[in-house]
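Novice: Below is a structure I'd like to ask you about.
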Amino acid sequence: MIANWLVNLVGVILFLFLFWKRLKEDYSSNIIFGLSFFVLLGVFLGYLTSRYFFPHWFFWFEAFGAFLGFAIGIIKFNTRFFETYEALFISFLPWFTLFYLVELIKKPSLAIAVITLLNFSLILLFDFVSMRYKNFSWYKSGKIGLAGLLTSGVFFLLRAAIATLFTSVISFLGLSEIILSGVCAFTIFLLIYNLSKDD
């Protein structure tokens, strides 16, 4: 229990710092941390709901809570969707990675090792795309947001694949996981297609 609290504390601190760092050139600290408050409140409410009613669905309830808080925040503070989403997703990735790293230490398994490695790889993918996306010939618009969308799309594709290969991993829900992650990935890649157009 103490280990989980420490992981989440470190995760929250990492999230706040990275979110602020990504957006500090464009928005005031009040806006950034105000939006962060809504996101983290959504995560917390999602966690409470899943803990007492749907314990195996904690990832999806927390993710939905985070996105709901994000939506409220961008409306309230009038921030740009794709830019803010990109900062949000990359700020959450180290928290995900740390969570599974601790799970791996507590209960070593091939599945959790694979998930931890893939989460770390997604951070590298994000960095690669964020530095080079303007040079991609197929990405004609050159608009910011590709790194966050592409990384999150791959994230959900990987969740669907892992749910297919490993049926007993924590926070993965078998067929329901495959369907939900597949729908999320499809939606995100559709957004990438629309964003890539040179209007």
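Novice: Using a 1.4 angstrom probe on the protein heavy atoms only, could you order Tyr52, Tyr133, Tyr139 from most to least accessible area? Can you show the working numbers first?
Specialist: Details: Tyr52 155, Tyr133 30, Tyr139 5 Å².
Output order, biggest surface exposure first: Tyr52, Tyr133, Tyr139.
Novice: Please compute the alpha carbon radius of gyration of the range 107-152, then divide it by the globular-protein estimate 2.2 N^0.38 Å. Two decimals is fine.
Specialist: Numbers: Rg = 13.9 Å, N = 46, 2.2 N^0.38 = 9.4 Å.
Normalised Cα radius of gyration, the range 107-152: 1.48.
Novice: Once each part is reduced to its C-alpha centroid, what is the distance from the range 73-152 to the range 176-199 in angstrom?
Specialist: Using only Cα atoms, the two centres lie 15 Å from each other.
Novice: While we're here: Compute the separation of the alpha-carbon centres of the range 41-67 and the range 1-32 and state it in Å as a whole number.
Specialist: If you average the Cα positions of each part, the centres end up 19 Å apart.
Novice: Compute the Rg/Rh shape ratio of the range 52-97: radius of gyration over Kirkwood radius, all on alpha-carbon atoms.
Specialist: On the way: Rg = 12.3 Å, Rh = 11.7 Å.
Reported Rg/Rh (Cα atoms, Kirkwood Rh): 1.05.
Novice: Further question on the same structure: Percent of accessible area on the chain owned by carbon and sulfur, 1.4 Å probe? Don't jump to the answer; show the numbers that get you there.
Specialist: On the way: 8040 of 11150 Å².
The computed percentage sits at 72.
Novice: Right, next: Nearest 10 degrees, 0 to 90: what angle lies between the long axis of helix 58-77 and the longest principal axis of the chain (Cα atoms)?
Specialist: 30 degrees
Novice: At 1.4 Å probe size, with every protein chain present, just tell me what the per residue accessible area of the chain comes to in Å².
Specialist: Working: 11150 Å² over 199 residues.
Computed with neighbouring chains in place, this is 56 Å² per residue.
Novice: Another question, then. If Rh is defined by the Kirkwood formula over all Cα pairs and Rg also comes from Cα, what ratio Rg/Rh do you get for the chain? Write out the running numbers ahead of the final one.
Specialist: Working: Rg = 16.7 Å, Rh = 17.5 Å.
My calculation of the ratio gives 0.96.
Novice: Please give, to one decimal in nm, the separation of the simple spin-label points placed at Leu6 and Arg80, each 7 Å out from Cα toward the Cβ.
Specialist: 4.1 nm
The values are calculated or read from the model by the stated rules, or taken from the named source; none is laboratory data. Note that the structure is a prediction, hence the values are computed from the model and not measured. A quick note on method: Cβ atoms are made from the backbone with ideal geometry, for glycine too, and the neighbour counts reach across all protein chains shown. Accessible surface areas use protein heavy atoms only, side chains included; no ligands, DNA or RNA. Shrake-Rupley method; radii C 1.70, N 1.55, O 1.52, S 1.80 Å.
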